[in-house]
Structure formats: C-alpha cells, structure tokens
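What follows is calculated from the coordinates using simple rules that are stated; it is not laboratory data. Every value quoted in this text rests on a predicted model; they were computed, and no experiment measured them. Counting neighbours? That spans all protein chains shown, and the Cβs are built from the backbone with ideal geometry, glycine included.
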Amino acid sequence: MSDHPLDRLPLFASGELPDREAAEVGHHLARCVACRATVDETRAALERIGSLPASEATFADLLVRRSRARDCDELSEALTVHVMGEPDRRVERHAAGCPACEERLSVLRDVRGSLDLLPRSRATFEALRGRLRPRAFRRMASIAAAAGLIAALAAGGVLRTGPQKPPAVPAPSPVAALLSRVDSADDDTLRTAARTLDRQNVLHALHLAEAMEDESDSVRRYAAVRLLRHLETPAAEDLLVRALGKNAARDRILVRALVELQSPMVVPWLLTRLENPGSRTAALDDLARIRDRSTIAFIAEHLPDPRVAERLARFEPADLIREAAGHRNGALFVLVPSAPLRSSLVERSATDAAFRRSALAAAGDGGATGMEFLIRAAGDPRLQGEVVALLDMLPSAEVERAVDRALDREETSTTAVRIVDALRLESMRDRLRHGVLAGRLPPEATLPALARLGDLEALIAAARMRTGERWKKAVAAAFEAADPALRAEALKAAVPGREKVTLVRLSPLTRPGRFRRDTP
Amino acid sequence: MNAEPGDLADRDRIRRAAGGDLEAMEKIYSDHRTMAYAVGMAVCGNGSDADDVVQETFLRAFRTLGQWRGESSFRSWLYAVAFRTAQNWKSRFVRRPSIPAAAVGAGLSAPEESRADEHALVLAAVRELPEQQRLTLLLKHLRGLSVREIAELQGCAEGTVKANLHHAVQGLARRLGKGLE
C-alpha cells in the first residue's frame, strides 16, 4: 500500500495537483483500480460540495489559517512553559504573527505575576541549627540514650530503687532532663522512659502538656509532643481530665494534650463545649481529631456550620454511613467529602424520593462539596435527569469548576463529560478535546459531546491520530451527531490532502463509499 | 548513578554533612530549601506550615543522610523526604484555614486590604488545583526548576510535567478570572 499516492488523490481529483505530479498520479491510476475508485468517490463528493454556497476564502488563505490554527494547538503547552521561565523560540516566532497567541501570552504573564503574591519561605538555617547535633555526638547519644534517660529519671527521684541521699545541688526535674535529651533519643527509648515517668508520677504529664504549649521554645514543644504520644496509660489521661475545669487558663492545654493522646475520656468535656458558640469551633475540631465514633451524631448536629462536613470526613466511612441513615441531618451528609458515604447516599436517593429531594437541595446549596455529590449522583441513570436539571439551574461558574475537577478523576470523568454534553458547556470544549486526544477521556462519550459542541476539528484530529476500531466507530458516531450544516462547512474548509480524505471518509454525504467498504 | 552534574563537590559536601559538618549542612540547606518549601506549600497549602515542613525535612534528611546511597540524584532523594514529611505534617497538624474570606484584610487600610485580598485569592486559587498540578506549578515558579528536572523528581515524562503545568496555569487563570479560554 505504501506505493499508493493517497495524500495526492484528493488534489488530483480536484484538479489542483501540479502537472508533473498529476502525470505521475495518472500513470499510477492507469494500473490501480482501488485508487481510481477513490478518485471517483472524491470527485462525486466534491461535486456535491460544489452545490453549497461558495466560500470567499481562497485556498492560500485556508492553508495559512489552518496551518496557524494547528500551530496554536500544538504550541498551547509550549506557551505556558515559555511564560513560566523556559523561553522557546518557536513560541516567539509564532506569537509574532498570531494575535490570538500574543493575547494568550499576555494573560499567562499576568497569571504568572499573580503567583509572585504567594508567601515566600521564612525558614532559616539558624533556626534549625539548635536542633542538629554533630554526628559523633549523636552516635554516642544513641548508644547511651537509654542509660542517660534512666540516670536523669533517677536523679530527679522518679526511679526510687532504694534509700538514697538527697542530692547536694538541686537536680533538674525529670521532665526537664527528659526534654533536654529527647531530641536525640529513638522511639523505643522514649517509650520506655515515658512509661516509667508516667507510672511514677503522672503529674509529669501535666508538665509535658505545658511544655507542649510553650510558644517560646520550639525544641521543647516538639520534644514534649513526642514524649506525650508515648503516655498511653489511663492514669495520665485520668489526671489530665480531672484537672479540666479547675484552672480555666490551663483547659486548652489539657484538652490539646488529651487530643494528642486520642483519649476518649475528654469527649464528654468537649461535648459540653459544643453548646457554647465561642468554644464550638475548637471543640468540633478536637472531636474530629479524636475520631471516637460515638461523637459523629453530635458533630452532625452542626453540619449546617462551615467546615463541619470536612471534619466528619476524618471518621470511618462505615460509621458515617450508619449514622447518616438515622440522623435528622441525614441529607446534609452529602456535604461530607467521603467517597463510600457518597455512594451510599446516592443509592438511598435513588430509592427514597423524600430523601432525594432533601439531599439534592442540600447538595445544590452546598458549594464545591455539594457539587461533587451532584456529579456522582449524575452518574446514576436513575438520578441523571433530575440532577442535570438541577445543575442547569445552578451558577454556571460553580458547575464548570466542579466539572473541571471531575474530569481529572477517572471515576467521575465519564459522568462529567455527559454533564458537559447535556448542559452544552462551551467553556469545557478545550478540556474535552485535550482529554480525549490524550486518552484520558473515553472517546465514545467525549467525541459525540465535542461534535454537538461544534468542534469537528477534534474529530478530524482523532481520526488522524487514532486508528483502532474503537476510535473509528466513536469518530463515525460523533460525526453523525454533528450538526449537518457544520459537517458541510468543515468539509468545505478542509485543506485538500489528508484532512479532506479523512472528512470525505467520515461524511454521510459521501456514503456509501470507501468508508463503508472498509467496514466489515 | 544519576547525581547532578558537577557533583564531586556536592558528594563531598553531603559526605561532610553526614559526618556532622554544620557548614556543609548549611550549604545543602540553602541550595534545596526552596524546593522543600514548594513541596510544603503544595501539600499543606500555607506558608507557615510549609516553613515547618522545610525544617522537619532537613532535620530528617540530615539524620538519615547515610541512607542516600547515590543511586538516585540527591535532589530526588531529598524531594522524596520532603514529600513524605509534608504529608505527615499535613495529616497531623494542618487545619483548614479558620479565617473566613470576609475577615481577610480586616483592620487594614484600603490599599493594604486590597493587597491582602489578592494574596488570599491567589493562595485559595492555588489550593484548589489538584495536588500534582500544584506541585508542578510551585516547583516551577518558586524553585525555578526546568521541566526536565521536575520530571526527574516526579519520575514521570516531560510531557506529563508540561501538561500539568499547562492545566495548572489554565486553572489558575480561570479561578482568578483572568479570562483565558
């Protein structure tokens, strides 16, 4: 087949081939039945096209326009890379003669300028220096860590193994001694030391909690958090809980410590704090960090408040599903960004009409997270119509943002394409085109959507780039879905050559013809 | 071995840092600090947590320098450390910004308020991008790495980096209302 002058046949058929090449092609046609048939089909198609209103554009104009448009497409990523600091001469040359790309460059530069507003790092090596130890010291410290800690505890009176003389000079407190070494100790050593400390004197837990909150010394804070995480005995938790409410200034510190311990013992205290609007936000946050399943119902009472749904997302999906089933704010669980929960709520919406109404209403009012639920629901054929109608009534910018995000995720991309198709979201056209040509979006749904959005160039590009049966069928089906006037327009404006061959093959105007013969 | 070019000096510096040489550590810190910050910003979404990620990254890196065997470039190794550190930090300490958008810039003069609004808007727009796009954008913009260098760090094709960068800038333009089609 490589001897067949397929690229030149359309030009030969339209009489636009230079004489010498026309002679070569004529010579080939004299002995090739298949190419003769192609030329005949192309001539017939061109005659039909000839009956359409004539375009004012000359062939040269078309050629330049098409070539430039192709360059614009191919350079779209290069434009971004160029503006982001890797200059590209191709881009400069192209933009010099293309006002559209010049304009795009200017917008991209503007976006890049906005990025300069992002905060810059203020971290310094000086701040880190205090936390670093020379290697030799560290090696020695790691060998002697356990012994050193135990000695420190003993010096502070924490380990009492027998009668001892009082120290001649005041020894550092056990906590202070621990904190001074904790930065160089490994986790096992810490765990051992923390258990001993806790067993002997749980009051040290309180000191650790205070150290954890010490804003003036980040090393001490860090060390305290590390030690506190190893205090797992109920005695320490009990002490911290009992201290709550006795000194208001310390309450926050104690709660932080208990939350750090993931202690359920602080839950009742936190629940009382929920009633006070002033302390509610912090209490909700702490409850979410503890993740005790018994608190889901209490937290869900505040689902109408901002960011409560995000906090609920930290809990186990199975617990959320169970709680949503019987909670009076059950419909508001659609705002919780948890995939298993959403699947369960979609199923419930499909089977329970009353719940569906309230769930869709809550999602419609729920901003970005509500929109994510709607997109997932639109993937269910039982809900699709109702959801698309609802999306059509919501602010288009919000819908487009959600669809944009959904196109990036494999599990929602097909649904997102269907929404673009149903709502005719013109602004998503480029996203669909790039997505489908890059193989990220399914051609069966995306190409017809592009055709209905009037993007026949995408179909031409797909027909050229992809040759598998799946793609052929998807392109042909999409071409059928396009507006007939647009089809004719595309055929007319196509540059003679491979582009025209592609279109002629696809266009229903030319069937039955080569395409049908090639199809089993 | 894929270490960056020129890297006898770098290797020597890393060896010295592994031995506890603070001067060598400081040089490594200043060379790679911005990369760690970009990773921290991309994962945690704010400058203050990103600064903490920088410190934790280098603390962890300097303690485990012996684990770098020179089979990958040092920068790739450090990137992996920064990424893991940032994810840990995010899961443990990062809370969603609790300041409502309306409160941004409260108490400031009009021009300062407008500037604060713009800062918050850009930060929010960056936060809304998918994580991979955010990472690529910030490594490019804050650290100025080339597409090839970012591809090497992320273990993907240069085309993927270009596409991520392109989508990130497009997404940003849309979210900032810059009118890019």
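At-a-glance table
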quantity	calculated
GluC sites (Glu not before Pro) lying in DSSP loop within the stretch B:25-77, provided at most 12 other Cβ fall within 10 Å	B:Glu71
Least to most buried among A:Asp116, A:Asp292 (fewest other Cβ within 10 Å first)	A:Asp116, A:Asp292
Note, ³J(HN,Hα) from phi for the stretch A:308-321, Karplus 6.51, -1.76, 1.60, rounded to Hz, x at Gly and Pro	5, 4, 5, 5, 5, 4, 6, 7, 5, x, 4, 5, 5, 4
Phi-based couplings in Hz for the stretch A:438-445 (Karplus 6.51, -1.76, 1.60; Gly and Pro marked x)	7, x, 8, 10, x, x, 4, 8
Net charge of neighbours whose Cβ lies under 11 Å from the Cβ of A:His28, counting Lys and Arg as +1 and Asp and Glu as -1	0
Gap separating the Cα centres of the stretch B:38-61 and the stretch A:362-409, nearest whole Å	34 Å
In sequence order, calculated HN-Hα J values of the stretch B:125-139 (Karplus, 6.51, -1.76, 1.60; Hz; x Gly/Pro)	5, 5, 4, 6, 5, x, 4, 5, 5, 4, 4, 4, 4, 6, 5
Residue mean of other protein chain beta carbons inside 10 Å, B:24-36	2
Local net charge near A:Ser343, Cβ-Cβ under 13 Å (Lys/Arg +1, Asp/Glu -1)	-1
For residues of B:172-178, the mean tally of beta carbons on other chains within 10 Å	5
Sequence of B:Met41, B:Met25, A:Met465 once ranked by neighbouring C-beta atoms within 10 Å, starting from the fewest	A:Met465, B:Met25, B:Met41
Protection proxy ranking, peptides A:470-481, A:409-420, A:90-101, average beta carbon neighbours within 10 Å, highest first	A:409-420, A:470-481, A:90-101
Test item: Cα-centred dipole of the stretch A:80-122, Lys/Arg +1 and Asp/Glu -1 on Cβ, debye	180 debye
Ranked B:His167, A:His27, criterion: other C-beta atoms within 10 Å, fewest first	A:His27, B:His167
